[in-house]
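For reference, the structure is listed below as structure tokens.
Nothing in this text is a laboratory measurement; each read-out follows from the coordinates by a stated rule. Quantities reported herein were computed from a predicted structural model and do not represent experimental measurements. Please note: Cβ atoms are built from the backbone with ideal geometry, for glycine as well, and neighbour counts cover all protein chains shown.
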Amino acid sequence: MKKLIVVLAVFALLAGCAQQQSSYRQAAEEGTQTSSWKLGNTLDYTPKTDQQVLFTLRVVGIDGNVIVDKKMAAEKGQNLFMALSEGEDGVTIGYEEYPFGVFIYQVAGIEPPQGEYLAIYINGKYSEKGAQDIIPLEGQTIDFRVEKIK
């Protein structure tokens, strides 16, 4: 049964990636990799298993207005990037992979213009860690805030 689920997941991933073939070609020429993934949410706002945690994902515009406010489930110990990229449905993310790690440049269709970026805040405090180094904890609020590059 698990093999069937894995095969179906790979098939769905490949089907979605085929739509972005030109983005991959351009990224390969530039030496980066780009992609969009779906991230999961829970309808009942309770963990599906004892091995999951719930956190709130928000996208905040440069004006301070909350654009997206969504309850999310992640596996305990899973980093933020994997939690977002392995979700079931909901909000899309776009990212690029570099030697130093993953740079998330788009969340929920929000992609800051040139001169701005998505900063990560955890419970209102600026995170000096990237999405690959953040482990969501139960009840946390994780914001992607549009900010000017200084």
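What is the spread of the Cα atoms of segment 60-131 along each of their three principal axes, largest first, in whole Å?
Dimensions of segment 60-131 along the principal axes of its Cα atoms: 33, 31, 24 Å.
Quote to one decimal, in nm, the extra length available between I62 and E147 on full extension: 0.36 nm per residue of separation minus the C-alpha distance between them.
On the way: separation 85, 0.36 × 85 = 30.60 nm, distance 0.57 nm.
Contour length minus Cα-Cα distance gives 30.0 nm.
At what distance in nm do the modelled label points of E86 and Y105 sit from each other, each positioned 7 Å from its Cα along Cα→Cβ?
Taking the simple label geometry, E86 and Y105 are separated by 2.6 nm.
In nm, to one decimal, how far is the D69 label point from the L137 one, both placed 7 Å along Cα→Cβ?
So the label points at D69 and L137 sit 2.3 nm apart.
If you line up the Cα atoms of segment 93-150 on their principal axes, what length do they span on each, largest first, in Å?
Here the Cα extents, ordered largest to smallest, are 33, 24, 23 Å.
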